[in-house]
Amino acid sequence: MRIRDLIYRVAGIFHPDNKLRLLQDRCGRRMRDLKVPSLPEYYECLTASSLRQTELSALLNEITIGETCFFRSPAQLEAFRRVVIPNILTAKSGFSQRHLRIWSAGCSTGEEPYTLRMLQLEEANSQLKEWSVEILATDLNERSLAQARAAVYGDYSTRKLAPDCRRKYFLPCGNQLRVNPTVRANVRFDRLNLSDDVRMGLMKNIDVIFCCNVLIYFDLASKRRVIQQFFNSLLPHGYLFLGQAESLFGVSEDFRLVHLPGATAYVKGEGASAGKST
């Protein structure tokens with residue numbers, strides 16, 4: 001299927017034969033909107049039409065629909081707060097600037113980066129006192145990013161919020177909740193294709209990368225390409241968090257696995273001393 005190959009070349013997302021029906025369904029939605037009767041004609045829309053970039057983005061919006069919520073992985077977040085942040089602060093104690101850069105890669109509709117910002121605010125008067133924190137949130141899906149910037153969420157996304165967190169960091173918005181301005185202030189959303197080597201090369205001096213449940217859509221070659229970019233983006237003491245079911249086994253030997261309380265992460269180089277490495 002030529003459209004499958006095009007998606008792979010552009011975004012690194014691979015649809016095996018058992019997922020082709022899903023891809024055909026997503027193409028079908030766009031074909032109905034455009035009133036295009038056949039897949040060959042739709043392929044022309046994606047490659048030869050004057051609107052090809054617009055339509056390719058629209059199809060990617062259909063393909064890359066994420067599912068997430070606030071505080072999705074409590075054990076991972078607690079390890080980040082109790083172990084990773086202190087280790088990074090120690091590693092940066094000699095730096096002239098007290099500044100952290102955290103990257104939520106594949107941020108979907110924004111629940112993860114806003115969660116990280118809430119954790120930062122909780123630590124603002126203790127271990128992160130006098131530290132500035134920059135949270136970069138990127139995704140391929142323009143529709144998801146628009147929702148993230150709007151910062152309005154329903155019951156499904158907010159189902160794990162503690163009552164105190166709801167009170168401190170959210171405002172009522174009809175029958176939904178909106179993230180308050182204080183939380184939104186230090187989160188920057190941007191569209192980024194993880195297969196775009198030029199744009200990825202601009203992501204520098206990162207302390208922590210969260211890329212949870214994103215690499216499952218990539219084949220081995222694409223995973224290796226993205227992971228190498230993450231390695232280049234991280235500072236020497238940097239950490240990489242993946243989804244609970246994801247691993248770099250057989251993907252990269254540049255990172256070392258570290259075991260944290262209730263979670264795992266990856267570090268580069270001598271940073272493996274920041275946890276129990278394997």
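The values are calculated or read from the model by the stated rules, or taken from the named source; none is laboratory data. Just so you know, these numbers come straight off a predicted model, no measurement behind them. Ideal geometry is used to build each Cβ from the backbone, glycine not excepted, and the neighbour counts take in all protein chains shown. For accessibility, only protein heavy atoms count, side chains too; no ligands or nucleic acids. Shrake-Rupley method; radii C 1.70, N 1.55, O 1.52, S 1.80 Å.
Pairs spanning more than 19 Å between alpha-carbon atoms, out of LYS129/LYS204; LYS92/LYS268; LYS92/LYS204; LYS129/LYS268: LYS129/LYS204; LYS129/LYS268.
Mean residue ellipticity, 222 nm, helices only, the chain: the sum of -39500 (n - 2.57) across DSSP H runs of n ≥ 4, divided by residue count and rounded to 500, is -11000 deg cm²/dmol. Remark: the chain carries a charge dipole of roughly 400 debye about the Cα centre, counting +1 on each Lys and Arg Cβ and -1 on each Asp and Glu Cβ.
Couplings for segment 203-214, taken from phi via the Karplus curve 6.51 cos²θ - 1.76 cosθ + 1.60 with θ = phi - 60°, read 7, 10, 6, 8, 8, 9, 10, 9, 9, 9, 6, 10 Hz in order; Gly and Pro are left as x. Calculate the tail of P(r) for the chain: the fraction of all Cα-Cα distances greater than 34 Å, expressed in %. Tail of P(r) above 34 Å: 23 percent of Cα pairs. Compute a Gaussian network model of the chain, connecting alpha carbons closer than 10 Å, and tell me which residue from ASP164, ASP190, ASP219 fluctuates the most. For the chain, modelled as a Gaussian network with Cα springs under 10 Å, the answer is ASP164.
Derived scalar couplings between HN and Hα for segment 183-192 equal 5, 5, 4, 9, 10, 10, 9, 8, 7, 8 Hz in order, rounded to whole Hz, by the Karplus curve 6.51 cos²θ - 1.76 cosθ + 1.60 (θ = phi - 60°), x for Gly and Pro. In order along segment 19-30, the Karplus-derived 3J(HN,Hα) couplings, from 6.51 cos²θ - 1.76 cosθ + 1.60 at θ = phi - 60°, round to 10, 5, 4, 4, 4, 4, 5, 5, 5, x, 4, 5 Hz, and Gly and Pro are given as x.
Carbon-plus-sulfur accessible fraction, segment 4-84 (probe radius 1.4 Å, protein heavy atoms only): 50%. If you look at the Cα atoms of segment 172-259, you get an Rg and a Dmax of 15.7, 49 Å.
Packing, taken as the mean count of other beta carbons within 10 Å per residue, orders the peptides 144-150, 14-20 from highest to lowest as 144-150, 14-20.
Rg over Rh of segment 15-64, using C-alpha atoms and the Kirkwood radius, what does it come to?
On the way: Rg = 10.5 Å, Rh = 11.0 Å.
With Rh from the inverse mean 1/r over Cα pairs, Rg/Rh is 0.95.
A simple charge model with +1 on the Cβ of Lys and Arg, -1 on the Cβ of Asp and Glu and nothing else charged puts the dipole of segment 45-120 at about 540 debye relative to its Cα centre. With all protein chains in place and ligands, DNA and RNA left out, the 1.4 Å accessible area ranks LYS168, LYS129, LYS92 as LYS129, LYS168, LYS92, largest first. What segment 1-117 shows is 50 Å² of accessible area per residue, with the surface traced by a 1.4 Å probe over protein heavy atoms.
In this simple spin-label model, placing a label point 7 Å from the Cα along the Cα-to-Cβ direction at both ARG9 and ASP254 gives a separation of 2.6 nm.
Could you size up the charge dipole of segment 95-218 around its Cα centre, putting +1 on the beta carbon of Lys and Arg and -1 on that of Asp and Glu, and report it in debye to the nearest 20? Could the numbers behind the result be given before it?
Details: 17 positive and 14 negative charges, 74 e Å.
The dipole of segment 95-218 has a size of about 360 debye.
Projecting the Cα atoms of CYS173, ASN141, LEU119 onto the charge dipole of segment 89-178 (Cβ charges, centred on the Cα centre) puts CYS173 farthest toward the positive pole.
Where only protein heavy atoms count, and the probe is 1.4 Å, what is the accessible area per residue for segment 188-260 in Å²? If you can, show how the numbers build up before the last one.
Values: 3420 Å² over 73 residues.
Heavy-atom accessible area per residue stands at 47 Å².
Packing around the peptides 74-85, 100-111, taken as the average count of other Cβ atoms within 10 Å per residue, puts them in this order, highest first: 100-111, 74-85.
Over the chain, what is the relative contact order in whole percent, taking alpha-carbon pairs under 8 Å and six or more residues apart?
On the way: 417 pairs, mean separation 50.9, N = 278.
18 percent.
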